[in-house]
Amino acid sequence: MLNRWSDADARATVERYARQGVSEDLALRVYTSRLLGREPALVLHGGGNTSVKTTARDITGETIEVLCVKGSGSDMAEIEPAGLPAVRLAPLRDLLALDRLSDEDMVNFQRRNLLDSTAPNPSVETLLHAFLPHKFVDHTHSNAVLALTDQPDGEALCREAFGDRAAYVPYVMPGFALAKSCAAVHAQDPEADTLILLKHGIFTLGQSAREAYERMIERASQAEARLARGRKTVVQVKLPQPLAGAAAIAPILRGLLAIDLDRAEGSWKRFVLEFRGGPIARAFVDGAQLARYSQAGTITPDHAIRTKPWPVIVPAPTSGDLDGFAAGARDAIEAFKSRYRGYVERHARRGGAAKTPLDPAPRVLLVPGMGLFAAGDSAKATRVAADIAEAAASVILDAEAIGRFESIAEADLFDIEYWSLEQAKLGKAAEKPLARHIVAITGGAGAIGSATALAFKAAGAEVALLDRDDGALEAAVRKTGALAVGCDVTDDASVKAAFARIAESFGGLDILVSNAGAAWQGRIGEVDDKILRESFELNFFAHQRVAQAAVAIMLKQKIGGALLFNASKQAVNPGPDFGPYGLPKAATLFLVRQYALDYGADGIRANAVNADRIRSGILTDDFIKERAKARGVSEQNYMTGNLLHREVTADDVAQAFLAQALALKTTADVTTVDGGNIAAALR
Ligand code: ZN
């Protein structure tokens, strides 16, 4: 493993933070925490923690000893001094005299010894850091170290790699008891500069930031060197080819995972899925011993919170037999759920407070011949689970190459997953109305597309913006944080690829906003046939093309969905010379009703927003100027020329789409957003 320490960078960090009044100790703590946090083979998403023992001045002006320790919720890769809150060190050390301490009392005690009462909660491993004598303490879940320790003879393998520089701590759940046993182990062997927490991770200790960091790199490198010796091949299974693609099976899996809250009312607890099919994921799922090693438990305890104790294995999806795949996957997921319920029942009765059972759906799905899917309640949580699943695949393959992977006991996995501190978080934050929903918006780079993306993101949805791949799409994505999907909606292959990309990135689709369009003009009796056909291609056939692609996904998921179309006032109230635009839009209005009729029984709704006079790609500034001039009114009066005398904005249209997405009992509806235009009024 590369040692990334640089004197110049360290000095620059110290100087930069000195200008903000941050001490050299804390600046160097930030510097090496980031070095560790940016190494994915050491630290993943909030895993790991670091500390420094230093001094600070309290409000009375007295200089006191403090522990600056990573706060929960910070990511080491981007940590700032505020992410390492200062806790009074002496009271923390006093706790060493106690025999036991509950997690709640520990968190409370740590909080009331913070110098800044508004700081984040110090890490649950704070006491472990406090009880060790060294100035700098670094903790990671190094992949290479885990591959050595996660074995029946893990301690012996580690001793081979690290010699007597390390001391070994048998597995204990993180918290007070672990802090005490680490302190005891270190007191027995005060020369040790490294603690290996068996089946959990590694602590390195140093008098300087550099020393603790370089020890971590050295130990990880020694572990890598040991893993490189005496490897045996992990036997692979050759699967019958060809297999269906990830995009084809993702919606099936997503539908099977969804939890029926009230099917009749169209209410489902959905999951976001993400596919990973890289070489490590493939080697892992194709291993002949997959059924054993994948079900043995997590590589480090806190992964159980993100990925549950084990993944589910679904069948390899033979091409041309998706129904067979769906049936096999359903059985596998049902078996997983009953195994999970049994696990909860077995352990929830053991002592302590009553536990709230978590949903029994798997968070990682292994697909032989293909790779893995992660599932979560948001794209972010899903990405974390996917990264963890890939790290687990890599560690388990390494462990198997030199021995046999072994995790902690099932009861220990349960204690982590159902940790009282985790249970306390349940139900605290209400989910947003469209959390766990996946939305695709065509014409994503335009004013209405980006406004709609922002509205759906604010409602909690995961959003893919589809448009021709150019600078405008990039800008819209920067503004909205949505996924950019290059797509020409007038091209079959491009639409197919775009929806496949959405299925691989998010697992499926719940809401389509078919918004792409453009205005063509011409007097209908004289207009060139080519213009009319071009307009039909974009303003009718493209709507049909993307709606078909969306429906294909929704039918596989079997959890309903919504198709929302951008219609136009032209569809019901033609303007002079606007035939080439209005005619396909009128056909699209009818298309909405046809989808509502044909797919209502599948829980798929189809609605349209009928908007008028909105500044956008269709209604350009030049066009507005020209029209206003032709009517002899100001631009402002032209834009507010409606019953309410209010200009209609892209955001008004976005809010109408959002309202339609949320109205679970509304289909075949046309919502007018035009400030009032009696000639275009429907009904
Ligand atoms: Zn840890």
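Among the conditions (1) of a type in the set (Gly, Ala, Ser); (2) in contact with a strand residue (DSSP E or B) (Cβ under 9 Å, 6 or more places away or on another chain); (3) modelled with pLDDT of 95 or more, ALA571 misses just one, which is (3). Among the residues of the range 82-95, is there at least one that is assigned to a loop (DSSP other than H, G, I, E, B) and within 16 Å of the ligand (Cβ to nearest atom)? No, the range 82-95 has no match at all. Among the residues making up the range 178-218, a single one is within 15 Å of the ligand (Cβ to nearest atom), assigned to a helix (DSSP H, G or I) and not hydrophobic (A, V, I, L, M, F, W, C): SER181. Just checking, does the range 111-123 include any residue being crowded, with 22+ Cβ neighbours inside 10 Å and within 16 Å of the ligand (Cβ to nearest atom)? Taking every residue of the range 111-123 in turn, at least one turns out to be crowded, with 22+ Cβ neighbours inside 10 Å and within 16 Å of the ligand (Cβ to nearest atom). A Cβ distance below 7 Å, combined with a sequence gap of six or more or placement on separate chains, defines the contacts here; from the range 643-667, residues that are buried (at least 21 other Cβ atoms within 10 Å of the Cβ) and of a type in the set (S, T, N, Q) reach residues that are at pLDDT 95 or above and assigned to a helix (DSSP H, G or I) in the pairs THR667/ALA596; THR667/GLY600.
Residue by residue, here is whether (1) small (Gly, Ala, Ser); (2) crowded, with 16+ Cβ neighbours inside 10 Å holds:
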residue: GLY560; (1), (2): yes, yes
residue: ALA567; (1), (2): yes, yes
residue: PRO576; (1), (2): no, no
residue: GLY600; (1), (2): yes, no
residue: VAL609; (1), (2): no, yes
residue: ILE618; (1), (2): no, yes
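Identify all residues within the range 392-415 that are within 21 Å of HIS347 (Cβ to Cβ), in a helix (DSSP H, G or I) and charged (D, E, K, R); write none if there are none. Matches in the range 392-415: GLU410, ASP412, ASP415. Say whether the condition of being among the basic types (Lys, Arg) and within 16 Å of the ligand (Cβ to nearest atom) is met by at least one residue in the range 154-177. No, because not a single residue in the range 154-177 is among the basic types (Lys, Arg) and within 16 Å of the ligand (Cβ to nearest atom). Return the residues of the range 333-382 that are surrounded by fewer than 17 Cβ atoms within 10 Å (Cβ to Cβ) and under 26 Å from ALA459 (Cα atoms); say none if nothing qualifies. If the condition is that a residue be surrounded by fewer than 17 Cβ atoms within 10 Å (Cβ to Cβ) and under 26 Å from ALA459 (Cα atoms), then LEU358, ASP359, LYS380 are the ones that fit. Of the helices (runs of 4 or more DSSP H) lying entirely inside the range 255-357, the ones with 1 or more residues being in contact with a helix residue (DSSP H, G or I) (Cβ under 7 Å, 6 or more places away or on another chain), within 16 Å of the ligand (Cβ to nearest atom) and not acidic (Asp, Glu) are found at 303-307. Applying a threshold of 6 Å to beta carbon distances and a minimum spacing of six or more residues, or different chains, the list of pairs starting in the range 237-259 at a residue that is crowded, with 23+ Cβ neighbours inside 10 Å and ending at one that is polar (S, T, N, Q) and not in a helix (DSSP H, G or I) is empty.
Of the listed requirements (1) assigned to a helix (DSSP H, G or I); (2) away from the ligand (no atom under 16 Å from the Cβ); (3) of a type outside the set (S, T, N, Q), ARG100 misses just one: (1).
Does any residue of the range 54-64 turn out to be at pLDDT 95 or above and under 29 Å from THR298 (Cβ atoms)? Within the range 54-64, not a single residue is at pLDDT 95 or above and under 29 Å from THR298 (Cβ atoms).
Filtering the range 591-647 to residues that are among the charged types (D, E, K, R), modelled with pLDDT of 90 or more and not in a helix (DSSP H, G or I) leaves ARG605, ARG646, GLU647. The range 432-543 holds helices (runs of 4 or more DSSP H) entirely within its bounds, and those carrying 2 or more residues that are touching a strand residue (DSSP E or B) at 6+ places or on another chain (Cβ under 9 Å) and in contact (Cβ under 8 Å) with a residue 60 or more places away in the chain map to 447-458, 492-506. Is there a residue being among the charged types (D, E, K, R) and touching a residue at least 40 places away in the same chain (Cβ under 8 Å) anywhere in the range 82-99? No, the conditions are met nowhere in the range 82-99.
Contact map, the range 1-26: residues that are within 20 Å of THR55 (Cα to Cα) paired with residues that are outside any helix (DSSP H, G or I), Cβ distance under 6 Å, separation 6+ or inter-chain. Pairs shown: ASP25/VAL52; ASP25/THR54; LEU26/CYS68.
With respect to the conditions (1) away from the ligand (no atom under 16 Å from the Cβ); (2) touching a Gly at 6+ places or on another chain (Cβ under 6 Å), SER23 falls short on a single one, namely (2). Inspection of the range 26-34 identifies at least one residue that is within 33 Å of the chain's Cα centre (by Cα) and either charged (D, E, K, R) or surrounded by fewer than 19 Cβ atoms within 10 Å (Cβ to Cβ) (or both).
Of the residues examined, ALA656 is one that is among the aliphatic types (A, V, I, L, M) and touching a Ser or Thr at 6+ places or on another chain (Cβ under 6 Å). Taking the listed residues ALA258, ALA248, the one that is at pLDDT 95 or above, of a type outside the set (Val, Ile, Thr), over 21 Å from GLU390 (Cα atoms) and in contact with a strand residue (DSSP E or B) (Cβ under 6 Å, 6 or more places away or on another chain) is ALA258, with no other qualifying. Among the residues of the range 125-137, is any within 16 Å of the ligand (Cβ to nearest atom) and in a strand (DSSP E or B)? Within the range 125-137, one or more residues are within 16 Å of the ligand (Cβ to nearest atom) and in a strand (DSSP E or B).
The values are calculated or read from the model by the stated rules, or taken from the named source; none is laboratory data. Please read these numbers as outputs of a predicted model, since none were measured by experiment. Here the Cβ is made from the backbone with ideal geometry for all residues, glycine too, and neighbour counts use every protein chain on show.
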